Structures are given as structure tokens and as C-alpha cells.
1. With a sphere of radius 12 Å drawn around the Cβ of residue 106, what net charge do the other residues whose Cβ falls strictly inside it have (Lys, Arg +1; Asp, Glu -1)?
2. Helix 217-226 sits at what angle to the longest principal axis of the chain, using alpha carbons and giving 0 to 90 degrees rounded to 10?
3. Mind checking which aspartates and glutamates have their Cα closer than 17 Å to the Cα of residue 108? Skip sequence neighbours fewer than 8 apart in that chain.
4. Treating cross-link reach as a plain straight distance, find the lysines whose alpha-carbon is under 18 Å from the alpha-carbon of residue 24, omitting any fewer than eight places away in the same chain.
5. Along each principal axis of its Cα atoms, how long is segment 3-137 end to end? Whole angstroms, biggest number first, please.
6. With the crude spin-label approximation of a point 7 Å out along Cα→Cβ, what separation in nm comes out for residue 81 versus residue 154?
7. Mind checking which aspartates and glutamates have their C-alpha under 12 Å from residue 186, skipping anything on the same chain fewer than 8 residues away?
8. Pick out, in residue order, every one of the chymotrypsin sites (Phe, Trp or Tyr not before Pro) in segment 26-67 that is DSSP loop and has at most 13 other C-beta atoms within 10 Å; say none if there are none.
Amino acid sequence: MDAIFFLRSYGDFMVALYALTNKKDGRFLNLYASQHLQPLYKALPHGLIPETTTIRFVDLGIRNDLLSCFTNKFFFTGAAVKELIALRKCIHVLDKDASNEWYLEQSKRKWLPGLFSGKSFRSIHEGGNVYGSYENFFDTQSQEKRHMQQAVSLHASIIIFPGSRKAEKALPSGLTNKIAASCVGKHSLQTAHFSNTPTVISTGKDSLQQDVFYANFSELISLIQSADFIISADSLPAHLAQLLNKPHWILYNQKINTEWLTPYTLAHGHYSCFDEFEKLKVFLTEG
């Protein structure tokens with residue numbers, strides 16, 4: 001049986017789970033995911049992936065959202081070496097099960113885990129749209145036939161997720177204010193921010209929007225499920241919206257990253273750059 005490793009970001013993992021939700025064949029799959037992904041997985045609704053797929057979470061000491069050797073920032077650090085050594089030990093144990101093929105999510109720097117473990121890794125995604133790569137790998141069909149509506153109805157509940165792990169991708173406050181102004185009299189709007197403090201809602205007398213604070217993955221997922229429509233930076237909430245079958249719009253800082261567009265946004269054109277606000281405004285005001 002093949003061994004498939006997930007050692008990168010939350011987004012990569014959500015894309016894989018989305019592809020798996022539509023896997024129809026009876027092929028058994030063994031997925032091995034870094035333990036840093038487990039809290040997010042445990043917060044998701046049960047029964048998303050088929051019973052023929054098992055996920056085993058392994059502690060490789062990853063603390064920076066993905067294997068350190070995959071990044072430029074942490075490449076020359078002791079953590080990168082420690083994680084690779086832990087991965088080698090994990091693979092040594094799994095090798096007793098005589099796996100046929102060894103897979104990583106992407107092709108970037110896959111030679112490094114191979115060098116440390118003595119294994120030749122193949123990659124799931126090597127180019128093009130990442131959702132398409134996973135659908136091809138797991139032999140699933142595009143799920144955009146699933147009933148996500150295209151138009152946003154009057155008085156819809158909309159949540160903006162402006163934050164991103166990379167500061168340059170976060171929505172500027174001026175843009176969120178424009179979105180809020182477009183929703184006045186048409187939709188209810190909340191802006192959700194990550195905070196380690198308990199969840200609170202602050203409402204200013206003159207504010208056009210409500211600020212909502214979530215402290216963990218469970219609260220993030222609950223907010224997404226409670227809304228009619230999601231507006232997100234190029235970040236995890238967009239991929240969660242796709243996985244949870246929630247209509248959404250993705251905003252990019254300068255250039256559309258077609259590699260990571262979700263099937264829903266690709267199908268309906270629900271994406272734009274920060275300076276293309278008029279496209280989103282027309283959608284919000286005209287439906």
C-alpha cells in the first residue's frame with residue numbers, strides 16, 4: 001500500500017481532504033500527517049472522508065506550519081534537521097509495512113526528505129491548479145456540481161476573513177470598510193479576526209460592521225458554517241469554505257494565484273485583486 005505524507009500547510013491538507021470527500025472507488029489509502037495538522041482535523045465535522053481512508057498523525061516536531069526545510073526562512077536551522085531526522089525514524093518504522101510508493105504533497109525540495117530517509121518520493125502536485133492535481137491523484141471528479149449557489153441573496157449573512165499568515169496578503173482596513181459600505185441595507189456583515197482572547201463581539205454605534213474574534217479552529221469553522229457567504233484573503237478560511245460547501249469570494253493583493261483558486265471560485269469567477277473592488281461591489285449590490 002502507498003504511503004502519503006502531509007507535512008506542509010493547513011491549506012494543502014484541506015485541499016487533499018476536499019478531494020477525498022468525493023473518492024468513490026474502494027481503494028484503501030494510508031495518509032500520514034504531521035501532528036501540527038491534527039487540531040484542525042479534529043475540529044472538522046465527522047464523516048468527511050471515506051472509511052477506506054485512514055489518517056495517522058505523527059509527531060515530527062513541526063512548529064512553523066510546515067516542514068522547516070520547505071521554507072527559506074527556516075531552511076538553515078536546527079529545527080529543519082531535527083524534523084528530517086524524526087521523519088526518517090517514522091519512515092523506518094513504516095518501511096516494515098513494505099509500502100509500494102512514497103508521496104509528498106508538492107515537488108518543491110522533495111529531494112531533502114528523500115536524502116535523509118533513503119526513499120525516492122513522488123509528488124502529488126507538480127504544477128497547474130492544486131485542486132486539479134489532487135482530484136487527478138485520488139481519481140475523483142470535480143465536485144463543483146455540488147449545490148453551492150452563485151448569487152448572494154438579499155439580507156444574506158456575510159463574514160469577511162481579512163487575515164493571512166503572510167502580512168502582505170491580509171486585506172487592508174480600507175478595503176473591508178468599502179465592502180461594509182456596499183452591504184448597508186442589503187446584507188448583514190461581520191469581520192472575523194483571530195485572537196487568543198475569548199470570543200467577543202464589539203459593536204460600535206457608527207460602525208457598518210461587527211468585529212468577531214475567534215480563538216481556535218472550532219470557532220473558525222463554526223463561524224464559516226453560520227454564514228451564507230464568505231469573503232476571504234488568500235488564506236485558510238477560503239479552503240475551509242470550499243471543504244464545507246460554503247459560497248465564497250477570494251481577494252488577492254496584487255496578482256490572482258490561479259494555482260490555489262478553489263473549484264467554486266474558478267467556476268463562478270468569484271475572485272479579484274484588492275484594486276478591483278468594483279467587481280466585488282457589483283456582486284454584492286446586484287447579486
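No lab work stands behind these numbers, since they all come straight from the coordinates. Keep in mind the model is a prediction, meaning the values are calculated, not measured. Backbone-built Cβ (ideal geometry, glycine too); neighbour counts: all protein chains shown.
1. Net of charged neighbours comes to +1.
2. 40
3. Residue 108 reaches 12, 65, 83, 126, 259.
4. 145
5. If we take the Cα atoms of segment 3-137, the spans are 41, 31, 29 Å.
6. In this crude label model, residue 81 to residue 154 measures out at 6.7 nm.
7. Straight-distance partners of residue 186: 286.
8. Passing both the DSSP loop test and the Cβ count: 28.
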